[in-house]
Amino acid sequence: MTKRRLSRRGFGALGVSAALFAGVGRGDRGFGADVGLEDPSDPLSLDGKSIGFYVGSELTEDGSTLLGGFGHEPSSHWLEVVPRQDHAEDATTTVGVTEDARIPGELTEIPQAETTNKYVASMYSEFAGFPPPLTNGGLNEHGVAARDIWSPSRAELVELAEEEAPQTGPQYSDLAKAAMERASSAREAVEVVGGLMDEHGYSTYGGNSHLFADEEEGWVFINFAHPDGDLWAAERLGADEVRVSYFGYIREFPVDHEDDPDFVGSDRLVEFAEEQGWWDGEGDTLDLFEVYGVGEFPAEAEEYTAPEFYQDARYPPAREEELRELAPVSLEDMLALVRDPRWSTDHAGYGQVAHLRPDTRDELQTLWTAVTTAATTPYVPIPVGVEEVPPEFRQHRYLTANSAANFLDEEWKLQEATRYATREFKRLLYFTSADPEAFYADVVGAIEGFEREVLAERDAVEAKARKLFEAGEDGAACELLTEDTSRRLLESLRLGTTLAMDVEADLRQRIEIPKPEGRPEPGETAPPTSQSMDEGPDTEMVHVYSEALHADYPREHGVYTDEGDGKRGARSRPAPTLEHESE
């Protein structure tokens with residue numbers, strides 16, 4: 001028999017009675033869920049969607065550029081290292097959406113680049129009518145990072161796309177992937193995406209955006225929902241700026257943008273707005289958020305459709321002010337910000353922070369990645385020089401589109417037999433959400449203790465790799481990075497599994513795992529335990545937010561791990577050691 005013990009604070013002192021957990025299965029307010037949400041497939045709904053944070057190098061602690069955020073998808077997620085590849089001169093790649101998309105489309109072929117970059121990304125499998133695998137960007141071998149973020153277009157543009165269906169041309173994931181495969185700078189990513197839209201059109205779900213960054217600058221790119229790809233705009237973000245896309249937006253855009261190095265736009269962007277009567281043609285600029293967007297952030301809505309804490313947070317100006325107040329922003333600050341439970345919920349597919357450092361070898365530029373929602377998942381640094389990740393962090397069948405329709409293919413059996421990291425950390429999220437005030441500080445304290453240990457050893461690992469690269473031993477350097485990353489990923493998985501088991505054990509001492517209430521229908525005989533595990537548009541959000549616990553957000557990384565008052569620079573405890581005793 002094996003006993004597990006954590007070296008951090010125990011979970012025994014939980015002053016919550018069993019009666020308090022009567023609503024766990026339904027996710028009552030304060031214990032994992034909240035009011036019903038709008039249809040998450042509706043681009044004009046205000047409930048979920050992704051987030052992105054950009055901080056320029058003059059506002060960071062170490063002179064790096066930071067780009068963080070996550071995507072908003074319910075499907076499976078996994079890590080992928082896509083190698084650099086050469087393609088035949090006449091090679092093509094499939095882009096677009098199918099007839100099953102919210103706005104139906106047809107798949108088409110466009111020319112592939114003769115050489116595509118290596119990049120690290122989170123992949124996922126499901127968005128109706130969008131063929132998997134899907135990606136929202138990542139980090140490529142030239143130190144270009146990308147985040148893909150929802151940005152709803154005005155209703156008339158969405159209606160135009162619906163009227164002209166079936167639509168053709170690349171969709172958001174195609175464009176994010178193309179930026180990773182073809183761009184060598186953030187500015188070139190804008191040119192790649194804009195050029196593809198100009199030439200091949202655009203398959204939209206209602207509007208989208210991207211954040212691109214390199215060590216020198218960032219760019220926000222908005223894809224408005226015009227089926228011909230005629231409407232797009234990009235704004236440069238300097239080294240002394242911050243931007244929070246929640247959702248993505250651009251405000252004052254110069255009419256004569258061709259003469260302004262800080263703005264780029266499609267040829268018809270200004271002309272079309274005036275033709276439609278959406279802009280009066282007066283002044284030197286037009287407000288793209290008002291002209292082509294919905295003109296209102298979710299927090300400004302008269303009636304909330306999402307939990308109050310969640311929708312209140314969806315106001316970029318306030319989030320940007322928080323970022324400025326954090327300056328100089330550290331890597332740890334950004335890790336904590338992406339983890340912030342005001343937005344990091346079950347709806348967050350993963351967590352990413354690209355740490356883009358000046359005067360750093362391309363192979364050592366790093367994407368810190370939490371394989372699923374960072375609220376209860378450790379980040380592990382994935383340098384671009386890494387060749388692969390352990391099978392536990394690759395694709396598995398849990399939540400993967402179409403996996404229930406067929407049996408497993410024989411060649412996948414051993415990968416599928418491994419524990420799936422996404423599933424393990426989801427378990428930890430769900431158990432922790434049963435009572436955030438009791439569990440969350442200890443869970444995150446243990447996770448951030450682990451991250452601090454990784455941070456403390458990072459310079460030494462990179463120094464060894466750099467020495468090998470400088471000696472011309474590139475293969476040995478990449479092998480070193482791959483082995484170290486694999487070790488840390490597996491350590492994070494062991495930590496997550498142990499934490500989940502510990503929280504579960506505490507819960508089971510005081511309560512029985514409740515059964516769902518179900519949705520009885522006339523003549524229905526299936527018990528609630530065998531009914532669907534979601535309620536469609538009314539599915540309640542699982543989260544670990546607690547007003548009492550999180551009122552001081554944004555918090556500093558390690559505040560639950562540090563001894564004393566948790567101030568910046570306080571001495572951190574060692575990462576938790578997982579001790580095993582056999583009987």
Determine the principal axes of the Cα atoms in the chain, then give the extent along each, sorted from largest to smallest and rounded to whole angstroms.
-> 74, 73, 53
Under a point spin-label approximation (7 Å from Cα along Cα-to-Cβ), what is the residue 526-residue 327 distance to one decimal in nm?
-> 5.5
Calculate, for residue 282 and residue 553, the FRET efficiency according to 1/(1 + (r/R0)^6) with r their C-beta to C-beta distance and R0 41 Å; round to the nearest 0.05.
-> 0.50
What do you get when you divide the Cα radius of gyration of region 248-340 by 2.2 N^0.38 Å, with N the number of residues?
-> 1.39
Rough spin-label spacing in nm, given labels placed 7 Å along Cα→Cβ, for residue 251 and residue 534 = 3.5
Given the protein chains as shown and a 1.4 Å probe, how many square angstrom of residue 545 are accessible, to the nearest 10?
-> 40
Between residue 494 and residue 198, the FRET efficiency computed from the C-beta separation at R0 = 56 Å comes out, to the nearest 0.05, as 0.70
Find how many whole Å separate the alpha carbon centroid of region 499-546 from the alpha carbon centroid of region 100-124.
-> 36
Using only the Cα atoms, what convex hull volume per residue in Å³ does region 308-358 have?
-> 89
222 nm [θ] for the chain, helices only, -39500 (n - 2.57) per DSSP H run of 4+, per residue, to 500?
-> -9000 deg cm²/dmol
Could you rank the peptides 522-532, 224-234 by their average count of other C-beta atoms within 10 Å per residue, with the highest value first?
-> 224-234, 522-532
Spacing of the two label points (7 Å from each Cα toward its C-beta) at residue 240 and residue 416, in nm = 5.7
Relative contact order for region 319-440: what is it in percent, counting Cα pairs under 8 Å that are at least 6 residues apart?
-> 19
Simple Cβ-charge dipole of region 154-310, Lys/Arg +1 and Asp/Glu -1, about Cα centre, in debye nearest 20 | 740
Percent RCO, i.e. relative contact order, over the chain, from Cα pairs under 8 Å lying at least 6 residues apart = 20
Given the peptides 190-198, 68-76, 502-510, arrange them by the average over their residues of other C-beta atoms within 10 Å, most packed first.
-> 68-76, 190-198, 502-510
Regression test value, accessible area per residue of region 365-416, probe 1.4 Å, units Å², expected 43
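The values are calculated or read from the model by the stated rules, or taken from the named source; none is laboratory data. These figures come from a predicted structure and were not determined experimentally. Cβ coordinates were reconstructed from backbone atoms using ideal geometry, including for glycine residues, and neighbour counts include every protein chain displayed. Heads up: the accessible areas ignore ligands, DNA and RNA and are worked out on the full protein's heavy atoms, side chains in. Shrake-Rupley method; radii C 1.70, N 1.55, O 1.52, S 1.80 Å.
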